[in-house]
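Novice: Got a structure for you, written out below as structure tokens; questions coming shortly.
Derivation of every value follows stated rules applied to the coordinates shown; laboratory data play no part. Given the structure is predicted, the values throughout are model-derived calculations rather than measurements. All Cβ positions, glycine included, derive from the backbone under ideal geometry; neighbour counts span all protein chains shown.
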Amino acid sequence: MSWSFEKLFDTGGRPLGGMAWDGAKMLFADINDNAIRSFHAHSRSLAVERKFTNRINGIAFGADGALYGCQEGSRRVIRMLDDGSSTATSTHLNGVPHNHPHLIVSDRHGGFLFTDCYHPLLASGPQVFPMLKHQSVLKLHLGPRPQSHWEIERITFDTIRPRGVALSPDEKTLYVSDTTNEPGGLRQIRAYPLLEDGTLGPFILFHNFGEDYKGIHRGAEGLTVDQHGNLFVVAGSNRSGPGPMVYIFSPAGRVITSHQLPDCIPVNCAFGDVDLSSLYVSTEDGKLFRVENTGFMGLKRI
């Protein structure tokens, strides 16, 4: 069955990014407008949920029910409450500021995994602290009680430019899209086993994007999983290859199916609506799409 995508919102070119379902609305980041917007599935209304976000991209609800966001413009992950307040988590890795947090996923223990990348737009304020010499997936978690404080650890040591992250339902596998979109660069989807000590084992290569006479095939960005552990990936563009696509992989790495997206540059995907059977897609060129009744059900983490 082919999917029919409906366009819900269009910035006219300003990029959209991270998304999170709050039980009634799909929240999505309007990055360069410094806003988090929402689409209410029942009323079909759009609203601005939060302003002055300083380029928040990836967002995720934590085990505590608060919304956390990758604040690219401040090089930090922040915790946002319903009263409009926010607080910073840790901003340092081994004593020095990390890069620009990009996309994020929460775990059931109250922690987070986020991709930490370079960004062509500089952070706010004086450029005092240089970028790290690596772009990695970082783990954000609270330290031991009773005086808990946020701590950051590096968990990938072989990534070049990680973009999207997703956790399997049993939280034993971490999926990462490692994407440079440069000739000779990486455009991979990887599955890392999460070991009992919190480290990662060697990855399994789920997919490696190729090239044709038009050029390289644009690699994967956003990732999400459904309740059965299938991995949903958005990738591609109309510049080369099969075009913008949603790919669905089984937990074993087999391609179950794929679906053509409308003309766009997809960057993220997330399940939403009351039964979590709709898939939302945000794009670099500012569009928000939805396909209903996918036949799959998203994973509820909050």
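Novice: Order by neighbour count: M26, M297, fewest other Cβ atoms within 10 Å first, most last.
Specialist: Arranged by neighbour count, lowest to highest, M26, M297 become M297, M26.
Novice: Name the lysines eligible as straight-distance cross-link partners of K172: C-alpha to C-alpha under 17 Å, and not fewer than 8 places from it in the same chain.
Specialist: Qualifying lysines at Cα under 17 Å: K139, K300.
Novice: If you don't mind, there's one more thing I want to ask. The range 253-294 to the range 66-87: how many Å between their Cα centroids?
Specialist: After rounding, the separation between the Cα centres reads 25 Å.
Novice: Then there is this: Would you mind ranking K300, K287, K139 by Cβ crowding within 10 Å, fewest neighbours first?
Specialist: Ranked by crowding around the Cβ, least crowded first: K300, K139, K287.
Novice: Sticking with this structure for a sec: Only Cα pairs within less than 10 Å get springs; with that Gaussian network setup on the chain, which residue of G62, G73, G110 has the largest fluctuation?
Specialist: Most flexible of the set in this elastic network: G110.
Novice: Separate question: Among Y213, Y118, Y175, which one moves the most in a GNM of the chain with springs linking Cα atoms closer than 10 Å?
Specialist: So, out of Y213, Y118, Y175, the one fluctuating most is Y213.
Novice: Fewest Cβ neighbours within 10 Å first, please rank S2, S106, S148 accordingly.
Specialist: Starting with the residue having the fewest Cβ neighbours, the order is S2, S148, S106.
Novice: Quick one: if you take sqrt(5λ) for each eigenvalue of the C-alpha gyration tensor of the chain, what semi-axes come out, biggest first, whole angstrom?
Specialist: Ellipsoid half-lengths, sorted descending, are 26, 23, 20 Å.
Novice: Please compute the contact order of the range 85-150 in relative form: average sequence separation of alpha-carbon pairs under 8 Å and at least six residues apart, divided by the residue count, as a percent.
Specialist: Result for the range 85-150 is 31 percent.
Novice: Among the GluC sites (Glu not before Pro) in the range 188-269, which ones are in a DSSP loop with at most 14 other Cβ atoms within 10 Å of the Cβ? Mind listing them? Spell out each step's value before the answer.
Specialist: Working: sites: E196, E211, E221; in loops: E196.
Within the range 188-269, the qualifying GluC sites (Glu not before Pro) (loop, at most 14 other Cβ atoms within 10 Å) are E196.
Novice: Amide H neighbours of F5 under 5 Å, counting only residues 5+ apart in sequence or on other chains, H built in-plane at 1.01 Å?
Specialist: Distant-sequence amide H within range of F5: zero hits.
Novice: Pick from D226, D158, D64: which residue has the top mean-square fluctuation in a GNM of the chain where Cα pairs under 10 Å get a spring?
Specialist: D64
Novice: Over the chain, what is the relative contact order in whole percent, taking alpha-carbon pairs under 8 Å and six or more residues apart?
Specialist: 16 percent
Novice: Right, next: DSSP loop trypsin sites (Lys or Arg not before Pro) in the range 147-221 with at most 14 other Cβ atoms within 10 Å of their Cβ, which ones?
Specialist: When the trypsin sites (Lys or Arg not before Pro) of the range 147-221 are filtered for loop state and at most 14 Cβ neighbours within 10 Å, K172, K214 remain.
Novice: Next question. Counting only other residues whose beta carbon sits under 12 Å from that of G164, what net charge do I get with K and R as +1, D and E as -1?
Specialist: +1
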